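Below: one structure, written as structure tokens.
All of the numbers you see were taken from the coordinates with simple rules; none came from a lab. In this text, all values refer to a predicted model and were calculated from it rather than measured experimentally. Cβ placement follows ideal geometry from the backbone for every residue including glycine, while neighbour counts extend to all protein chains displayed.
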Amino acid sequence: MSPPPDPRPASGRLKGPRPAALSGLGDDELMARCGRGQTAALGELMERHQDAAHRYAWRIFRDHHIAEDMTQ
């Protein structure tokens, strides 16, 4: 059974241009940059993994409100 469509409004997702330099980096390098205080690196990681995290939380809790809270 697959989860229903994502109920989160588009405004709840990260939008806007992403620095091209970050999009080519791996998650390990982005994590290292987060540790050095680069918030753009955190934004890139969140953009990459936000949907997968929400789907995972939905599969565990079967409640979109809880899954959204857990994702945040």
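Averaged over residues, the count of other Cβ atoms within 10 Å places the peptides 23-31, 62-70 in the sequence 62-70, 23-31, highest first. Fully extending the segment from Ala40 to Asp69, taken as 0.36 nm per residue of separation minus the present Cα-Cα distance, adds 8.2 nm.
Backbone phi angles across region 56-64, fed through the Karplus curve with coefficients 6.51, -1.76 and 1.60 (θ = phi - 60°), yield HN-Hα couplings of 5, 5, 5, 5, 6, 9, 6, 9, 5 Hz in residue order; Gly and Pro are listed as x.
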